[in-house]
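These notes concern the structure reproduced below.
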Amino acid sequence: MKAQTLPQFATPFVRLPFALDLEQLQSEVSNLMDMDWLEHPQGFAGNLTLPLVSVNGQYNHDFAISGQMLPTPALHHCPYIRQVLTSLQVPISRTRLMLLAPEAEVPKHFDAGYHWYRRVRIHIPVWTHPEVIFGCADQEMHMQAGEVWCFDHRQWHWVKNNASFPRIHLVIDTKGSPDFFAYFSPQNGHADNSSSHDVRNTKSIQLEPYRFEVLDADEIALLLNSIIEQFEPLNEPQVIVNLKTLRHKWQTAFNRYGHSIEGEKAYDELIKTLAQSVEEAKLINHQALMAYGTLVTMLNRNNGMPITTNAPIAERPCYR
């Protein structure tokens, strides 16, 4: 089965046509404020999260490769948020409430991990303020409470809360669907509220099913080619030979194991070979960094940051 391909964003930000009951949303979130929120997985100051859908329904930041996505106890107290998740009609992956304290920020970064090769992120502001600014690529904007947005996480992006009280967003990761990605076409770049879809409690939440999944041979070739293209002008023929050999070996391994956990050891050895062959500090091309980050985090089960780049901390890829 061919993996879902992510859409091309017509603009850095895409507003989705869903009409939410903000009062219900805020009421449910207010009842969760006394729970134990988790620190941001990368330790960003003033950033807290409360998982609503997670691996095995536990309070963690783990990726879907770790196990089945299930509701956490917090979500069981939120019938309206469950309606919202149902109404999106997409497979729901890791879903959290994300709090940004006054004067706190999420530094400039782009999402380069394997998790993001497969998924987009939906933002629904619950409590916010016009002084909360979201930047992506060459645009800055404020998402108003109760709106539903996606942004191009593959571009440089950042958030700054200049307000005097916390900002809280409902944040949903999803592999999407063809119907969902139709919203991303140029003519739908900013949805007209007059055609918004009401949130209704019609079906159960469509949770992303667990599957041990890796990149197929064509995807590996595409990403490795992005890295090879950067190294070709650097006159480092051995690196290029190593990468082309790796491409061939992945094809052989995938032909044998496919998306079977029996191949995990073989895939892990090839990923380690990549990390040994490429000096990450030399990766200055955005596409090469994206490709490298996707490849080396393919088997990451938790939300740590296993690699760094030569970019400043305020301008680096993120694997969250």
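Every number in this text was worked out from the coordinates using simple rules, so none of it is lab data. Just so we're clear, the structure is a prediction, and the values are computed from it rather than from any experiment. Neighbour counts run over all protein chains shown; Cβ positions are idealised from the backbone, glycine included.
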Positive minus negative residues near residue 105 (Lys, Arg vs Asp, Glu; Cβ under 11 Å): +2
Size descriptor, Kirkwood hydrodynamic radius, that averages inverse alpha-carbon separations across region 1-102, Å: 15.4
Within the chain, helix-based [θ] at 222 nm, where runs of 4 or more DSSP H residues each add -39,500 (n - 2.57), nearest 500: -8500 deg cm²/dmol
Dipole magnitude of region 42-189, debye to nearest 20 (Cβ charges: Lys/Arg +1, Asp/Glu -1, about Cα centre): 380
Tilt relative to the chain, helix 286-296 - C-alpha long axis, 0 to 90 degrees, to 10: 90
Positive-end extreme of charge dipole, the chain - chosen from 164, 58, 130 (charges on Cβ): 58
In the chain, lysine pairs closer than 24 Å at Cα, eight or more apart or cross-chain: 15
Longest to shortest principal axis, alpha-carbon extents of the chain, angstrom: 60, 41, 38
Cα-based Rg and Dmax for region 13-198, where Dmax is the largest Cα-Cα distance (Å): 15.4, 42
Region 231-300: trypsin sites (Lys or Arg not before Pro) in DSSP loop, at most 11 other beta carbons within 10 Å: none
For the chain, size of Cβ-based charge dipole, Lys and Arg +1, Asp and Glu -1, in debye: 640
Net length gained if the chain between residue 299 and residue 138 were fully extended (0.36 nm per residue, minus Cα distance): 54.7 nm
Cα radius of gyration and Dmax for region 217-302 (Å): 12.6, 38
Cα centroid separation - region 87-118 against region 220-255, whole Å: 30
Crossing angle, helix 237-257 versus the chain [Cα axis fit, 0-90 degrees, rounded to tens]: 70
Residue order, fewest to most beta carbons within 10 Å, for 93, 27: 27, 93
